[in-house]
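Encoded as structure tokens, the structure appears first; notes follow it.
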Amino acid sequence: MCGIACLASPSSGKNCYKALEKLDYRGYDSAGMAGLADGEIEIFKTTGSVKNIEDFAKDFDCPLVIAHTRWATHGGPTKENAHPHLSYDGSLALVHNGIIENYQSLKTSLAECGIGFKSETDSEVVASLIAHESGSPLEKLSKATKRLEGSFALGVLFKEKVILATRRHSPLYIAVTTEGNMIASDVVCFIGLAKEFYALKEGEIAMVTEDKIELYDSQLKKIDISFCELEKDETSISLNGYEYYMEKEINEIPIIMRSFLSRYAKEDLLTPMKKLFEGVDNIALVGCGTAYHACLFGAKVLGERLNMPAHAYIASELKYSRPCFKNTLAILVSQSGETADTLGCVPIFKKLGLKTLAITNTEHSALARECDAYLPVCAGVELAVASTKAYVAQILTLYTLARYLSQEDFDIFSLSHLPEAAERLLGDYSRLASEILPAQRVFFIGRGLDSVTSQEAALKLKEITYKSAEGYPAGELKHGTLALIDKGTPVVVFATNQDLYKKTMANATEVKARGGKVILVAPSNFEKCDCDYFIPLPTLKDEAEYSLVSIIPFQSLAFLVCRALGYNPDKPRNLAKSVTVE
Ligand code: F6R
């Protein structure tokens with residue numbers, strides 16, 4: 001959702017490019033770079049992904065550089081709309097992540113002062129707004145940002161030989177790295193280059209030059225920077241021999257399950273949960289997309305095990321409804337911890353006096369900071385836009401939490417068999433992929449938790465193959481959607497619950513009777529039914545454990561179909577990871 005990288009060092013162009021490359025997952029509509037050379041601001045920008053500015057960047061040797069990769073919001077993915085944007089007077093260049101909601105009225109008032117614009121973006125308005133203010137660069141930025149409504153992370157290169165950075169809602173980090181002083185949208189840029197980083201707080205301004213980084217509060221008073229340790233190691237962002245991050249991340253599922261179990265065994269992360277759940281009569285889980293599917297899983301597992309009402313909500317819907325929660329614990333699930341829709345629910349819950357628990361893969365994220373408590377999901381860095389290992393880690397966290405709270409003698413080692421079960425499902429699904437390849441639409445059905453897996457499997461397939469795919473509760477199919485099943489339509493049937501097996505099989509038979517192709521996913525010890533393709537699951541303890549592994553073949557399937565169609569699985573069209581705008 002737009003990525004910003006800024007660097008102050010003698011060979012900034014080349015190294016800033018390397019940082020920006022790591023932010024490619026945040027958008028790939030256009031990219032650009034600006035630097036201060038001989039007192040003048042030079043800008044290079046182009047459409048397409050970061051790769052397209054590599055040739056320019058490698059010879060761009062100026063001490064202060066700002067760079068951007070864009071996911072288009074205001075204005076199409078054209079060169080004119082690409083960042084950095086130069087102010088009307090050429091005194092500064094700016095990169096922006098976020099949305100300025102009042103940009104039209106600001107644009108009109110600047111136009112009344114005779115200021116013209118070259119792009120359709122809200123970001124160019126901010127560049128000229130800052131330049132139009134009076135005072136030092138710090139004062140100009142501070143005055144201008146007070147007039148902005150919406151969200152922003154800004155990197156501004158001033159002719160006065162300084163880069164300033166500030167944020168509201170969108171993330172921004174600073175670090176002293178081996179390549180120079182750096183500002184970035186994600187700490188992945190610092191991995192291997194710095195031991196510590198600082199997450200800018202709302203309204204703070206960082207001033208970055210070749211020699212130093214200074215921090216100012218919203219009153220422009222200089223404040224100390226308390227850096228945090230950067231734990232991630234470089235291997236977590238390398239492809240490790242894989243061609244695509246998505247494939248690498250699916251294959252990491254058993255590994256991340258093991259690191260989850262060993263971290264939860266070593267650190268006492270669960271004991272504080274007892275206190276958090278004291279006096280709670282209801283649970284509300286909130287997330288978006290795949291994280292929302294994890295919430296559906298969590299609602300069923302926590303609700304049933306703790307014997308209390310638990311409901312999952314789509315964050316963007318909940319935010320603008322009038323929720324009436326009492327004695328409710330709000331659980332917010334997010335891989336990035338920066339999703340604007342999910343983050344936007346925190347103040348609503350706080351206003352209602354609810355306790356909040358973040359379940360996130362990003363421990364330094366705004367969500368982890370803003371909630372009363374958080375549980376790490378330990379999936380490691382996830383860079384492919386389509387979430388795979390983080391989904392499994394999120395549901396593993398929710399399952400562990402439910403088991404811990406409902407079971408007196410819960411022992412984390414009782415989950416030790418799961419990584420091996422996951423490993424067994426990292427198979428070769430190319431034959432299945434070739435059957436799915438010609439289909440226009442694919443259906444996924446299941447009952448109970450299997451209906452959640454169905455929804456997640458359908459989302460994976462549609463977001464990277466652009467095929468129409470739907471996930472349904474199996475019993476619902478006959479209430480309308482069965483009309484879409486005709487000869488050869490693939491229908492994946494998840495059937496992992498012994499008690500509901502016969503009912504689900506009856507639905508599979510209805511599909512067969514209409515000529516549909518049934519792909520059955522069931523424990524190998526269940527009675528076989530008539531199907532066209534069978535994915536056997538190893539025997540596990542319960543329905544929730546099956547959910548942890550039964551999604552894996554369909555993450556792989558989506559990947560294989562995507563590749564067979566010639567698409568890039570890491571960069572699905574129109575999408576970006578970390579959706580920091582509403
Ligand atoms: C789909 C996917 C998205 C995200 C959603 C929420 O594969 O990745 O649906 O799950 O945008 O993102 P986070 O979890 O970062 O809040």
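No other residue among Glu80, Glu101, Glu40, Glu54 is in the same structural domain as Pro171 (by TED's automatic domain parsing) and touching a Gly at 6+ places or on another chain (Cβ under 6 Å) apart from Glu101.
Looking at Ser11, is it over 27 Å from Asn568 (Cα atoms), in contact with a Gly (Cβ under 9 Å, 6 or more places away or on another chain), open to solvent by 20 Å² or more (accessible area, probe 1.4 Å) and among the polar types (S, T, N, Q)? The answer is yes for Ser11.
Residue-level check: of (1) open to solvent by 10 Å² or more (accessible area, probe 1.4 Å); (2) closer than 21 Å to Phe190 by Cβ; (3) of a type outside the set (D, E, K, R), Leu20 misses just (1). Does Lys232 meet the test of being of a type outside the set (Ser, Thr, Tyr) and either within 16 Å of the ligand (Cβ to nearest atom) or at pLDDT 95 or above (or both)? The answer is no for Lys232.
Entry remark, the range 449-474: residues being within 18 Å of Ile535 (Cβ to Cβ) and not in a helix (DSSP H, G or I) number 2 in total.
With the structure loaded, tell me whether Ile395 is within 16 Å of the ligand (Cβ to nearest atom) and within 17 Å of Asp542 (Cα to Cα) or whether it fails that test. Yes. Is one or more of the residues making up the range 561-572 in a helix (DSSP H, G or I), within 16 Å of the ligand (Cβ to nearest atom) and crowded, with 20+ Cβ neighbours inside 10 Å? Yes, that holds for at least one residue.
Within the range 399-414, residues that are surrounded by 14 or more Cβ atoms within 10 Å (Cβ to Cβ) reach partners that are assigned to a loop (DSSP other than H, G, I, E, B) with beta carbons closer than 7 Å, at six or more positions or on different chains, in the pairs Arg403/Phe410; Tyr404/Leu270; Tyr404/Phe410; Leu405/Phe277. Here Lys266 does not qualify as touching an Asp or Glu at 6+ places or on another chain (Cβ under 9 Å) and either within 13 Å of the ligand (Cβ to nearest atom) or open to solvent by 10 Å² or more (accessible area, probe 1.4 Å) (or both). Mind checking which residues of the range 101-129 are crowded, with 24+ Cβ neighbours inside 10 Å and either without any contact (Cβ under 8 Å) to a residue 40 or more places away in the chain or hydrophobic (A, V, I, L, M, F, W, C) (or both)? Of everything in the range 101-129, those that are crowded, with 24+ Cβ neighbours inside 10 Å and either without any contact (Cβ under 8 Å) to a residue 40 or more places away in the chain or hydrophobic (A, V, I, L, M, F, W, C) (or both) turn out to be Glu124, Val125, Val126, Ala127, Leu129. Does Ala144 qualify as being modelled with pLDDT of 95 or more and in contact with a strand residue (DSSP E or B) (Cβ under 7 Å, 6 or more places away or on another chain)? Taking the combined requirement at face value, the residue does not satisfy it. Of the listed requirements (1) away from the ligand (no atom under 16 Å from the Cβ); (2) on the phi < 0 side of the Ramachandran plot; (3) surrounded by 16 or more Cβ atoms within 10 Å (Cβ to Cβ), Glu470 misses just one: (1). Within the range 62-98, being assigned to a loop (DSSP other than H, G, I, E, B) and open to solvent by less than 10 Å² (accessible area, probe 1.4 Å) holds for Cys62, Asn81, Ala82, His83, Pro84, Ser87. The number of residues in the range 352-379 that are within 14 Å of the ligand (Cβ to nearest atom), open to solvent by less than 30 Å² (accessible area, probe 1.4 Å), at pLDDT 95 or above and not aliphatic (A, V, I, L, M) comes to 4.
Reported count of residues in the range 280-338, each being basic (Lys, Arg) and either under 20 Å from Ser578 (Cβ atoms) or near the ligand (Cβ under 8 Å from one of its atoms) (or both), is 1.
The values are calculated or read from the model by the stated rules, or taken from the named source; none is laboratory data. Keep in mind that what you see is a predicted model, and the values were worked out from it rather than measured. Every residue, glycine as well, gets a Cβ built from its backbone with ideal geometry; the counts of neighbours run over all protein chains shown. Surface accessibility is based on the protein's heavy atoms, side chains included, excluding ligands, DNA and RNA. Shrake-Rupley method; radii C 1.70, N 1.55, O 1.52, S 1.80 Å.
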